[in-house]
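Q: This is the structure I have questions about; it appears just below.
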Amino acid sequence: MQKDIVVSGIRSTGFLHLGNYFGAIHNYIKMQNDYNCYFFVADYHSLTTHPDPKDLKQNVFRVAAENIASGLDPDKVSLYAQSDVPEITELYLMLNMLAYKGELEKVPTFKDKVRQNPDNVNAGLLTYPVLMAADILIHRAVKVPVGKDQEQHLEMARNFGNRFNQRYNVDLFPEPHVYRFDEQTVKIMSLDGNGKMSKSENQNATIYLNDEAETIRKKMMKAKTDSGPTEPNSAMPDYIKNLFDLMDLVSEKDTAALFREQFNSCSIRYGDFKKQLAEDMIRFVDPIRIEALELQKDEERLRKILKSGAERARESAVQTLTAARKAIGINYY
Ligand code: ADP
Ligand code: TRP
């Protein structure tokens, strides 16, 4: 039986964090044995904010290294840099002809960026969902493991694919859908309770996969708490629930159960709770951090992995693009 095709990407805009791990990479690892997976570093997507050219390569290699260190096996999946597969940009151009200014301007992530950076509202930012659709449709993927924040983009990818099929009367693009294993782990909030953990914002309240033990301890100690519950079995405030959610992900089951009991009986000491969470987090992050650093020293190995990933990705991309060109009528010779 043919395996379902899976695509996902992570932008090379900074260090990966627990949100990327539990929202995305964790799912990649679970899927790598059972599906035909294409995972890539979205370096073109990172250009919307005009990164310094001398940082680009290092950013791309680091994201690749952090994925592998987290458990992604480049022999099982195609791991590549988006810019190594030019067919994606050609499909992006074709899809741009079917994407309308009005619908792109309505996308919440676009509106957020406009609010944050009113001086840099470039066309690449506006057409971000079109490039993302091309990333996915180029392999005719049906499953896309991404965090909750990407659902709207996926809906647009479905719309663009369907529009192409209808306009050219073909059955080229299947509908891609968000894929995840359990509802619990899709959004990791930042430690100060303000928004989600992110590569570029809230850095002191985000745990990065390359944070050293001392940094993690410091960040955890600053995590927002209060003076504790006064009534047994009180509802948890969001920022406390968030810490418990993190504990469920990185600590032993018994540990989380013990602190929950203490919360319910109003005997919890948040200092101890956070100390324990910090130590468990260090135990989780440290092996990834160390292996990612080792891998980044071995540039030759990373280069080979990315090149071979791109070769495999291009084999699939060329087939789709040839069919798309033919559908449009670009087959002159
Ligand atoms: P960031 O938003 O940190 O720059 P990306 O936009 O590159 O990260 O996202 C890469 C993947 O990680 C996407 O699938 C996204 O949904 C997921 N992701 C990012 N932040 C979080 C978070 N805090 N919780 C859960 N998933 C997240
Ligand atoms: N837009 C995604 C994000 O910000 C990253 C991304 C780009 C992506 N292209 C993709 C994710 C294709 C899945 C599939 O997180």
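Q: Go through (1) closer than 30 Å to Gly161 by Cα; (2) not in a helix (DSSP H, G or I) and name the single condition Ile268 misses.
A: Of everything listed in (1) closer than 30 Å to Gly161 by Cα; (2) not in a helix (DSSP H, G or I), Ile268 misses just condition (1).
Q: What residue, among those in the stretch 26-39 that are away from ligand 2 (no atom under 12 Å from the Cβ) and of a type outside the set (S, T, N, Q), is surrounded by the most Cβ atoms within 10 Å (Cβ to Cβ)?
A: Met31
Q: Let me ask something additional. I'd like to verify a number: residues in the stretch 73-112 that are in contact (Cβ under 8 Å) with a residue 24 or more places away in the chain and within 16 Å of ligand 1 (Cβ to nearest atom), how many?
A: 9
Q: In addition: Between Leu47, Leu56, Leu16, which is of a type in the set (A, V, I, L, M), more than 21 Å from His139 (Cα to Cα), touching an Asp or Glu at 6+ places or on another chain (Cβ under 8 Å) and more than 11 Å from ligand 1 (Cβ to nearest atom)?
A: Every option except Leu56 fails the conditions.
Q: Moving on to the next point. List every residue pair whose Cβ atoms lie under 8 Å apart, where the two residues are 6 or more positions apart in sequence or sit on different chains, the first residue falls within the stretch 317-332 and is under 24 Å from Ala81 (Cβ atoms), and the second residue, located anywhere, is assigned to a helix (DSSP H, G or I) and acidic (Asp, Glu).
A: Going by the 8 Å Cβ cut-off, the qualifying pairs are Ala317/Glu87; Val318/Glu87; Thr320/Glu87; Leu321/Glu87; Leu321/Glu90.
Q: Taking the conditions exactly as written (within 15 Å of ligand 2 (Cβ to nearest atom) and more than 14 Å from the chain's Cα centre (by Cα)), does Leu172 satisfy them or not?
A: So Leu172 does not fit the description; no.
Q: Checking Lys199 against (1) within 16 Å of ligand 2 (Cβ to nearest atom); (2) surrounded by fewer than 18 Cβ atoms within 10 Å (Cβ to Cβ), which test does it fail?
A: Condition not satisfied by Lys199: (2).
Q: Show me the helices (runs of 4 or more DSSP H) entirely contained within the stretch 90-193 in which 2 or more residues are outside the structural domain of Asp245 (by TED's automatic domain parsing) and in contact with a Phe, Trp or Tyr (Cβ under 9 Å, 6 or more places away or on another chain).
A: Of the helices (runs of 4 or more DSSP H) lying wholly inside the stretch 90-193, those with at least 2 residues that are outside the structural domain of Asp245 (by TED's automatic domain parsing) and in contact with a Phe, Trp or Tyr (Cβ under 9 Å, 6 or more places away or on another chain) span 108-116, 123-126, 128-137, 151-167.
Q: Would you point out which residue out of Glu214, Glu201 is part of a loop (DSSP other than H, G, I, E, B) and of a type outside the set (Gly, Ala, Ser)?
A: Glu201
Q: Here is a follow-up. Give just the number: which of (1) surrounded by fewer than 20 Cβ atoms within 10 Å (Cβ to Cβ); (2) more than 23 Å from the chain's Cα centre (by Cα); (3) assigned to a helix (DSSP H, G or I) does Arg303 not satisfy?
A: (2)
The values are calculated or read from the model by the stated rules, or taken from the named source; none is laboratory data. Keep in mind the model is a prediction, meaning the values are calculated, not measured. Glycine also receives a Cβ, built like all others from the backbone with ideal geometry; neighbour counts cover every protein chain displayed.
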